[in-house]
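Below: the structure, in C-alpha cells.
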6 protein chains.
Amino acid sequence: MKIKVIVPIIGTSFNDEVRREVASLATPGVEYDVESLDYGPASIESEYDEAIAVPDILNKVRKAEEEGFDGAILDCFGDPGVRAAREITNIVVFGGFEPPMLIASGLGDKIAIVTVLPEVIPMIDGLIAKAGLKDRVVAVRHVDIPVLELTDIQKLKDALFEQSVEAIKQNGAQVIVLGCTGMMGVANEVMDRLKEAGYDIPVVDAFAAALRMTEAVVSLGLRPSKLTYMPVRMKDRKWWGE
Amino acid sequence: MKIKVIVPIIGTSFNDEVRREVASLATPGVEYDVESLDYGPASIESEYDEAIAVPDILNKVRKAEEEGFDGAILDCFGDPGVRAAREITNIVVFGGFEPPMLIASGLGDKIAIVTVLPEVIPMIDGLIAKAGLKDRVVAVRHVDIPVLELTDIQKLKDALFEQSVEAIKQNGAQVIVLGCTGMMGVANEVMDRLKEAGYDIPVVDAFAAALRMTEAVVSLGLRPSKLTYMPVRMKDRKWWGE
Amino acid sequence: MKIKVIVPIIGTSFNDEVRREVASLATPGVEYDVESLDYGPASIESEYDEAIAVPDILNKVRKAEEEGFDGAILDCFGDPGVRAAREITNIVVFGGFEPPMLIASGLGDKIAIVTVLPEVIPMIDGLIAKAGLKDRVVAVRHVDIPVLELTDIQKLKDALFEQSVEAIKQNGAQVIVLGCTGMMGVANEVMDRLKEAGYDIPVVDAFAAALRMTEAVVSLGLRPSKLTYMPVRMKDRKWWGE
Amino acid sequence: MKIKVIVPIIGTSFNDEVRREVASLATPGVEYDVESLDYGPASIESEYDEAIAVPDILNKVRKAEEEGFDGAILDCFGDPGVRAAREITNIVVFGGFEPPMLIASGLGDKIAIVTVLPEVIPMIDGLIAKAGLKDRVVAVRHVDIPVLELTDIQKLKDALFEQSVEAIKQNGAQVIVLGCTGMMGVANEVMDRLKEAGYDIPVVDAFAAALRMTEAVVSLGLRPSKLTYMPVRMKDRKWWGE
Amino acid sequence: MKIKVIVPIIGTSFNDEVRREVASLATPGVEYDVESLDYGPASIESEYDEAIAVPDILNKVRKAEEEGFDGAILDCFGDPGVRAAREITNIVVFGGFEPPMLIASGLGDKIAIVTVLPEVIPMIDGLIAKAGLKDRVVAVRHVDIPVLELTDIQKLKDALFEQSVEAIKQNGAQVIVLGCTGMMGVANEVMDRLKEAGYDIPVVDAFAAALRMTEAVVSLGLRPSKLTYMPVRMKDRKWWGE
Amino acid sequence: MKIKVIVPIIGTSFNDEVRREVASLATPGVEYDVESLDYGPASIESEYDEAIAVPDILNKVRKAEEEGFDGAILDCFGDPGVRAAREITNIVVFGGFEPPMLIASGLGDKIAIVTVLPEVIPMIDGLIAKAGLKDRVVAVRHVDIPVLELTDIQKLKDALFEQSVEAIKQNGAQVIVLGCTGMMGVANEVMDRLKEAGYDIPVVDAFAAALRMTEAVVSLGLRPSKLTYMPVRMKDRKWWGE
C-alpha cells in the first residue's frame, strides 16, 4: 500500500515535520510520500486561501494516481479539494476533516472542535452542515494562533488545554477534535492533562486520524462512490494544470 | 449603482446572450457590465470545474471592486467562489444559488430544483445543506442536457416542463427553481405551460433572481457580514493572480 | 407597479410615518398606498392581537386586489394573515417576517432577531420553525419596549445596539434582523454604531426588506404558488367581512 | 371537572352528533358542554376559514372560563386559535391536532395523517413543523372529501381504509391519525379492517384523543405554560368581541 | 381496566410508596397492581443498570399479559425494555419517559428535564433523539442526588426548584419534566414555588403522566403498532426467563 | 494489540466462520480471540433478542478487559450492549453498526443499509436517530432472510445485489452498508456485480469495518469518552453475572 500525503501549502518547511509524524504513525508495510505545493498559499486560513490552493492540490492528486499511489491525504482540516479530487481519480482520498470527525463520533456523543483562528470557523461550520454532523458538534472553538505560529508547541498545548476545558464546561463536550492538521504531536499531552484535571476523554489528532482512516479504507478494498463523485466530462479547460 | 456580472467560464460566446438578458431585466438607472474568465473551464458541471474556475473569478471580483462596482454576480448556480469573494472584497456578492432559493422560499413551502446533469446534484445537495434549506427542498431533478447544449431552447423547455410536472406529481413540489443560470429566458414559458396543465405555480429563473436580489441588497445599503466572511490575512501566496 | 401597504392596527397615527418611510425607499415608478384597519388591535404583541387583526387585514387585501394593486405588504413582523391572504387573492403578498429573514440568509450564516417584547418570541419561534430557518437563527432577543413606545427613538436605538452586541457576543450572531416593522428608520444608525464597535455586519430593517422583496417579486412576474395557497371553496361564512 | 367542547363552525347541525360522541367517550364524573359559533365559516378547510373562525372561538373560550369550565376543546384538527386561547385564559385548552399526534407518538415510530382535502395539507405541514414532529410524520394524505360531506360514513370509511393502506405500503406508516375531527366514530372500524388486511396498527381518532388528553391534563392539575402563552397587555382593541 | 406497575428494581422497599401514589392518582374503576423485580439492580442509573434490569422486566410484563392486565407501566424514566415488551405482548406498555414528554409537549414549546445524576444524561439524550424531540428539549439538568437518596424529600424539592429556575433563566425552559419516576409526589410543590417566584409553568410528574397516559390509551382501545413492534420469531433462547 | 470478538449468540457454530474471517482480515501483529455467549438467543432479530443477549455480552466484555484485551467487538449490527460495555470497562468497544456507518459516511453522501428482516428496521432506525445520521441514510431495506439462513450464500448475494440496485434506483443510494454482521465475506462480490451493472460504488462489510475501526482506534491510543460513558456506581445488583 502506497499513500501520498499532500501538504497543501507552498514551501517545504513543514514537510520534514510531517515526514517524522508519518514515520511514527505508519502501519508497518505501508509506504508514504510527502509533497507540498508549487502554487498556493503559505497556509490555509480562509476560503480564499483554500480556493487558490485547490488547483495545484488536484494536480498533485492526479499525479499520485498516475504514480501508483493507492490513497492520498490532503493534509488540511478544511478538506480542500477533496470532493473534486475524488471526481478526477479512482484512488482513496481523504482530507483532515472527515476522518477525525467520524472517529470522534464513535467515541462519545458530543464533539467539540478546537481550531486555530476565528475566521476559519464559518468554513468548518459549512463542513459540519454538509457532513450532517450538526447534532453531534456542540462547539467550534479556537486558540487564536495562526497556522504559521503553531511551532510554539508549549503555547499551543496550553491554549488547547484551556479551550478544551471550556468546551467541556461551557458546551458539554465529551470528545475533543483538534481542528487543524498543523497541530501535530500534541493530542496525547492535551489528553493526559485533561485526564489529570478530571476529564478522561479522547482528544483526536486530525492528521493521525486521516492517516489511519486512509490505511483502513484502502485495506478494505473500498474507494469513494462514483455515484457521489462522478467522472468529469471532457471539455475545454484553460489553466496551467491541464 | 454599478453591478458586474461575471460569467465564470472561458470564452466570450455566452456574453452577448447574458448582456441581452441583463438589458431586459435591469432596473432603470442600474449600470451593468458583463465579463467572462481568462482561465477556467468551458462550463461548470463538476466540483473539479468549479475548483479551476474560482481563482480567476476571484481576480475578476477584486478588479470589479477596484473599478467601483457596488455588486458582483457570479453567474453560476453552484455559487462558485462566492464565500471567498466576500472575504476579499467589501461589495455585495451573489452567485446563482442563494437568490432564487431565497425568493422561492417566500413563494411556497416545497421547492424543487431542476438542473442540467446528474453529476452536479451532489454539489447542489451540499449547497442546500450549508444553506439550511433541507426542510424546504423536496427534490433535485435534472434534464440531462449539458450546459453547452442548452442552446437548443425548444428541447430545454420541453425537458424543463416534463421534469417540473414530475417534481409536482412525484415529489409534491409547489415552486420550481431552474437550477442552472444558463437556462436563461425560459422560465416564463415553462410557468405558462404548467399553468395550462393545471399547476399555477412560480418558476424561478436563477439569473433574474440573482440580478434582482443584488439590486435590492445594494439599494438597501447592506453588505455581507464581516463576521461570517472575515478579511484575509497578509501572507505569502504564489499564483498567477496575486 | 402598485403596492398596497396595510398597517394591521386600528387608528391612523402610524400611517404618516409609514408613508414617509415608503417615500424614502420606493423605487422610482412604483406607486404605493398606505392603509390601516377599521377593526383590530392598537398593536400586535400576542397571538391574540394577531387573531383579531387578521379578518380585517384579509378584507383590505381583497380590496387591494380589486383596486388593481399588484402586491400587498402586511406590515407586521408576525406575518399576520399572510397565508390566508395568498389563498384568497392572486397578487403578491408579503408580511414583515419572510423578506428580512430571507435577505439576511444571503448576508451571513448566523442570524439574530431583536424584537420588542418577550411575549412575541414564541410566535416568532413558530414562524422560524415553519420557515425551516431553525439552523440559521441563533437567538431571538428583545428590547423590552412595547410597540406603542417605539416612538422614543433614542431609547430604541440604544436598546437595539445593546441587544445586538449581546447577540454577537453571547450567541455568535453575524447578521441582525430588527424583529418589528415598527422599528423604522433606525437600522442604519444601529449598523454604524456596531461597525464603530468593531462589528461590521448588516442590520436588516424588516419593512424596508418587505418593500424591496415585494417590488422584486412583482417585477419578476412571480406570484405565490397556488399549490401551497390553494383557492378557497365557496361556502356559508357569517362575519362582517363577507 | 367541566369541559367545554367548542365546535368552531356556524350552525348547530353537528352539535348533536358531537354530543353523542362525547356521551360515549366521557369518563364518568366529567361534565361536558358542546357549543358552536355565532360567527365564522360553515367548515374549516383553509387558512382563510380558520382566520375568520378564530375571533368567535376566542370569545367562546373566554366565556367558558368565566362559566367555570376547567378545560376547552377547540374541535378542529387545525388547532384554530389554540395558542391565542391559552394566552387569554388560565384553563386547559387543546385543539384536535396536538392530542392525537402526541398519543400516536407513543404507539409507534412512523405516523401518517389522513385528512379531508389537499388544500388543508400545507396548514397541517405548518403544525407539524411548529410541533417539531417532522421526523415522526412520514405522510399527510387525504380522502378528497369535503368536511360537510363526511356524513356519507360508508364512503368515508372506505376512503380512509384505502388511504391508510397506501400510507403503510408507500410511506412506511406504522400508526394512522385521522386528520379531521369531523371523522368521528369511524376509527375503530378502519382499525379492524386494517387488522384483517394484515396491518395490526393503531388508528387514532382526533376528537377522542383530544377529549382524553384534556381530561388527563386537568386531572393532573396542569395548565399551559405562562412562559409560552404569556398574558396579553391591556390596549385598545376594536372588534365585536371586546 | 387492570394496569400492572412494574418497579424495575430489586427489593420491595419502594413498592408501598408506589402503591400510595397509585391510590392517590388512579381513576375510579381502574385496578392497579404493583410489583418489583427478582433480578436486577437496586436502582437504574446507567445503561449497565438498565441492561441487567430488562430481562426480568420482560418476564414481568409477559406475566402481566397472561394474568389479564390491559396495560403495564415500566416505572423508570429510562423507558427500560419498553420496546422489547411491546414486541412480546399485545397490551399497552409505557415507561416513564414518553408519557411526561408528550404531555409536556402539549403544554408549552420549550421543555427542560431535571433528572437525578449526570451519568444518566447521555441515556436521556438518546431517548430524546430516538423520539424526535430534539427541537423541543432545551436542557437536561440534574440535581446530583442518587435515586436511593431521593427519600430526603426536602432536599429534593429544594434542588428541583433551584434547577428549574436555572433551566428557565439559562436555557429558556417553559415546561419542566421531572426526569426520574422516583421523584414522586413533589411536582405540585415545585410548581407552586415556581409560581410564587414568578414562573407560572407546568411541572410534569413522570409517573403520574405514565399512569394517566396508560389509562387514556387503554380506554381509547388502542395498542402499540405491530408494524413498529413486530412479533418475535420462535428460536432457541437460553436464559432463566424462557 | 489483542482484540476480543464476542459473537453475541449462544452456540459455537458460527465461531469458526468468524475465526476464518478474522484471519483473512487481521492486520499482522494483532491478536484476536473469538467467543460466543453462554446465555442469550440463537440470533438477534428483535429488541427482545437483544435484551436477553446483553447481560452475558457485558460479562464477556468485562472478562476480556480482565484478560488484558485492548478492544472488544460486539459482533452484531444492532450494537447490543455497546454503551453499557463502555461504562463498565476502559477498553475500546465497538459493535457492528457505528464502524461501517462512519466509514460509509466518508465514501459518499447518501447511504442505504440492506439488512436481514423487516422487524429489525425500527431498531436500526433508532440507532440512526441516536447517531445523528438521519440526513445521511436514504433507506433501510431488507433481504427477508433470517440470520440463521444466511448460510445460503448464493441466495444472500443475489438478494443483496437486488436490494442494492433498488436502493440506488428508488432511494438514490450512493453507498451500501450490509446491515447484519452475519453477512460475512459477500461484500466484494456484491460490489463487483454492482460495478458490472454500471454502479461503481462501495459496499461496506459491517464486521470488516468494525475490525478495522477497532484496530485503528486502539493504535491511536484513544478510548471511549468517560464523560459519555461514565463509570457505574457500586450498588446491590442481583443477577447471575455479578
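Excluding A:Ile145 itself, calculate the net charge of residues whose Cβ lies under 9 Å from the Cβ of A:Ile145, where each Lys or Arg counts +1 and each Asp or Glu counts -1. My count for the surroundings of A:Ile145 gives -2. Going by Cα centres, the stretch D:1-80 and the stretch A:142-164 are how many Å apart? Spelled out, the Cα-based centre of one part sits 64 Å from the other. Its alpha carbons considered, the stretch A:164-223 gives a radius of gyration followed by a Dmax of 13.8, 42 Å. For D:Glu67, the point set 7 Å out from Cα toward Cβ sits 4.1, 4.5, 7.5, 7.5, 8.7 nm from its twins in the other copies, listed from shortest up. Need the C-alpha centroid separation for the stretch C:194-222 versus the stretch D:111-127, integer Å. The stretch C:194-222 and the stretch D:111-127 have Cα centres separated by 33 Å. Among residues of chain E, the one whose beta-carbon sits closest to the E-to-D rotation axis is listed with its distance in Å as E:Leu102, 2. Sorted from nearest, the other copies put their A:Met1 label points 1.0, 5.6, 6.0, 6.0, 6.4 nm away, the label point being 7 Å from Cα in the direction of Cβ. Summary for F:Asp158: label point 7 Å along Cα→Cβ; distances to the equivalent points in the other copies, ascending, 4.1, 4.1, 7.0, 7.3, 8.2 nm. Angle, helix C:206-219 long axis vs. longest principal axis of chain C, Cα atoms, 0 to 90°, nearest 10? Long axis of C:206-219 versus the principal axis of chain C: about 50 degrees.
Relative to the longest principal axis of the Cα atoms of chain A, helix A:121-131 runs at roughly 70 degrees. Counting Lys and Arg as +1 and Asp and Glu as -1 over every other residue whose Cβ lies under 13 Å from the Cβ of C:Gly11, the net charge comes to -3. Its DSSP H runs of at least 4 residues, each contributing -39,500 (n - 2.57), put the calculated 222 nm mean residue ellipticity of chain A at -13000 deg cm²/dmol, to the nearest 500.
For chain E, the tally of Lys pairs with Cα-Cα distances below 23 Å comes to 25, considering only residues 8 or more apart or on different chains. Heavy-atom surface analysis with a 1.4 Å probe gives the stretch B:98-206 a carbon and sulfur content of 44 percent of its accessible area.
With semi-axes defined as the square roots of five times the eigenvalues of the C-alpha gyration tensor, the equivalent ellipsoid of the stretch A:51-165 measures 27, 18, 13 Å, largest first.
Rounded to two decimals, the Cα radius of gyration of the stretch A:98-206 over 2.2 N^0.38 Å is 0.96.
Using a probe radius of 1.4 Å on heavy atoms only, what accessible surface per residue do you get for the protein assembly as shown? Whole Å² is fine.
Values: 46100 Å² over 1452 residues.
On a per-residue basis, the protein assembly as shown sits at 32 Å².
Between 0 and 90 degrees, the angle of helix B:187-196 with respect to the longest Cα principal axis of chain B falls at about 20 degrees. The E-F contact accounts for approximately 3600 Å² of buried accessible area, totalled over both chains at a 1.4 Å probe radius. If one puts a single equal scatterer on every Cα of the stretch A:111-156 and applies the Debye formula without solvent, what log₁₀ I(q)/I(0) results at q = 0.26, 0.27, 0.30 Å⁻¹? The Debye formula, applied to the Cα set alone, gives -0.91, -0.94, -1.06. Any idea what the relative contact order of the stretch A:66-171 is, in percent, if you count C-alpha pairs under 8 Å spaced at least 6 apart? Contact order relative to length: 22 percent. Evaluated at q = 0.11, 0.16 Å⁻¹, a Debye calculation over the C-alpha positions of chain A (equal weights, vacuum) places log10 I(q)/I(0) at -0.54, -1.16. Take the Cα radius of gyration of the protein assembly as shown and divide it by 2.2 N^0.38 Å, N being the number of residues; the result is 0.90. Among the residues of the stretch F:174-223, those with an accessible-area drop of 40 Å² or more from chain alone to full protein complex, heavy atoms and 1.4 Å probe, are F:Gln174, F:Asp200, F:Arg212, F:Leu220, F:Leu222, F:Arg223.
Partner chain Cβ atoms within 10 Å, averaged over the residues of A:124-136 - can you pull that number for me?
Working: counts 0, 5, 7, 2, 2, 10, 9, 7, 10, 5, 5, 9, 3.
For this peptide, the per-residue mean of nearby foreign Cβ atoms is 6.
A protection proxy built from the mean count of other Cβ atoms within 10 Å ranks the segments E:195-206, D:203-214, D:114-125, A:50-61, most packed first, as D:203-214, A:50-61, D:114-125, E:195-206. Database remark: amide H of E:Leu37 closer than 5 angstrom to the amide H of E:Ile9, E:Ile10, E:Gly11 (H placed geometrically; neighbours at sequence offset of 5 or more, or on other chains; Pro and chain starts carry no H). Near C:Pro118: Cβ cut-off under 11 Å, other residues only, Lys/Arg at +1 and Asp/Glu at -1. The net charge is -2.
Kirkwood-based Rg over Rh for the stretch C:21-117 (C-alpha set), two decimals? Let's see the in-between values first.
Values: Rg = 14.4 Å, Rh = 14.7 Å.
Dividing the radius of gyration by the Kirkwood radius yields 0.98.
Across the stretch B:118-242, C-alpha contacts under 8 Å between residues 6 or more apart give a mean separation that, scaled by the residue count, equals a relative contact order of 18 percent.
The values are calculated or read from the model by the stated rules, or taken from the named source; none is laboratory data. Because the structure is a prediction, the values reported are computed rather than measured. Every residue, glycine among them, receives a Cβ derived from its backbone with ideal geometry; neighbour counts consider all protein chains shown. Just the protein is used for accessible areas: all its heavy atoms, side chains included, with ligands, DNA and RNA removed. Shrake-Rupley method; radii C 1.70, N 1.55, O 1.52, S 1.80 Å.
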